[in-house]
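The values are calculated or read from the model by the stated rules, or taken from the named source; none is laboratory data. Nothing here was measured: the structure is a model prediction, and the numbers come from that model. Cβ: placed from backbone, ideal geometry, glycine included. Neighbour counts: every protein chain shown. Heads up: the accessible areas ignore ligands, DNA and RNA and are worked out on the full protein's heavy atoms, side chains in. Shrake-Rupley method; radii C 1.70, N 1.55, O 1.52, S 1.80 Å.
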Amino acid sequence: MVSKEELCGIVDALGALTAEEIYSVTKELYLLRGNVPLTLPSIKNLCEEAEKEHLIAVVSWGEIEGLDEDELSYYISGPNAFPEVPFDLSEVIDILEMTKREVDLGRVSGRFSKNLHKRIKNLDDKINSVNEGRFHPKDLENLEHRYSDILNQYYDYSFWLPEDMSDIGAAIQELSSRIESLKSAQGI
């Protein structure tokens, strides 16, 4: 079985790949090793798991240099990736006649920052709605959970992407202060 680290190594070595291309690469790797290849649905599941763990990330054709417009999703190495390049990958690359795709991390950074800003705005709106009325302790727990997700994503992105994210850091700090105020008001 291809490990998530090897998946990251394959994606990292080739820059950006679709799930079908990852399947083709892993199929050749398995055949070279004399093993039965994984199915395409198995590879797609592995990619989904790796994406949830931020080992790989999804980008569009516009964030990859030299691609024509298409509807495909491409995987790139993510902020939590620790790539392990399979020993026989270079042979597979030669067999499949593949070349590395260059990813425009500036464009990726812009889109990811915009999405993080939306998440911050949504949480800010939720905090405002809690401030306006009575709320249950579960509401506060939900706010803290959402805040934690945003904070973790911010740290992942701030080390991975080239864009300065200090404005996002300040907005996140403000969210933290507001949640702490809510907790204090409830005697928590």
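Within the range 140-159, not a single residue is charged (D, E, K, R), assigned to a loop (DSSP other than H, G, I, E, B) and without any contact (Cβ under 8 Å) to a residue 40 or more places away in the chain. Of all residues assigned to the range 93-105, at least one qualifies as being under 19 Å from the mean Cα position of the chain (by Cα) and either open to solvent by 60 Å² or more (accessible area, probe 1.4 Å) or of a type in the set (Gly, Ala, Ser) (or both). Taken across the range 78-85, residues that are part of a loop (DSSP other than H, G, I, E, B), of a type in the set (A, V, I, L, M) and touching a residue at least 40 places away in the same chain (Cβ under 8 Å) do occur, with at least one present. Go through the range 54-77 residue by residue and tally those that are assigned to a helix (DSSP H, G or I) and either open to solvent by less than 70 Å² (accessible area, probe 1.4 Å) or within 24 Å of Glu28 (Cα to Cα) (or both). Qualifying residue count for the region: 2. The residues listed here are Glu5, Glu51; of these, the one that is closer than 27 Å to Asp149 by Cβ, charged (D, E, K, R), open to solvent by 30 Å² or more (accessible area, probe 1.4 Å) and in contact (Cβ under 8 Å) with a residue 40 or more places away in the chain is Glu5.
The combined condition, being charged (D, E, K, R) and within 27 Å of Glu65 (Cβ to Cβ), is fulfilled by Glu163.
Only one of the numbered conditions (1) closer than 29 Å to Phe159 by Cα; (2) out of contact with any Cys (no Cβ under 7 Å at 6 or more places or on another chain); (3) assigned to a helix (DSSP H, G or I) is not met by Ile22, and that is (2).
Please determine whether any residue of the range 40-47 is at negative phi, touching a Cys at 6+ places or on another chain (Cβ under 7 Å) and buried (at least 18 other Cβ atoms within 10 Å of the Cβ). Within the range 40-47 (the criterion being at negative phi, touching a Cys at 6+ places or on another chain (Cβ under 7 Å) and buried (at least 18 other Cβ atoms within 10 Å of the Cβ)), the answer is no, since none of the residues qualifies. How many residues does the range 160-174 hold that are touching a residue at least 24 places away in the same chain (Cβ under 8 Å) and outside any helix (DSSP H, G or I)? Adding up the residues that qualify gives 4. Return yes when Gln173 is exposed (fewer than 15 other Cβ atoms within 10 Å of the Cβ) and over 26 Å from the mean Cα position of the chain (by Cα) and no when it is not. Taking the combined requirement at face value, the residue does not satisfy it. Determine whether the range 141-161 contains at least one residue that is in contact with a Ser or Thr (Cβ under 7 Å, 6 or more places away or on another chain), of a type in the set (Asp, Glu), surrounded by 14 or more Cβ atoms within 10 Å (Cβ to Cβ) and under 20 Å from Glu63 (Cβ atoms). Taking every residue of the range 141-161 in turn, none turns out to be in contact with a Ser or Thr (Cβ under 7 Å, 6 or more places away or on another chain), of a type in the set (Asp, Glu), surrounded by 14 or more Cβ atoms within 10 Å (Cβ to Cβ) and under 20 Å from Glu63 (Cβ atoms). Exactly one residue out of Leu29, Leu17 is in contact (Cβ under 8 Å) with a residue 12 or more places away in the chain and out of contact with any strand residue (DSSP E or B) (no Cβ under 8 Å at 6 or more places or on another chain): that is Leu29. Screening Ser177, Ser109 for residues that are at pLDDT 90 or above, small (Gly, Ala, Ser), under 22 Å from Thr18 (Cβ atoms) and part of a helix (DSSP H, G or I) leaves exactly one candidate, Ser109.
With assigned to a helix (DSSP H, G or I), touching a Leu at 6+ places or on another chain (Cβ under 8 Å) and under 23 Å from Asn152 (Cα atoms) as the only criterion, which of Ala50, Ala13 stands out? After applying the criteria, what remains is Ala50.
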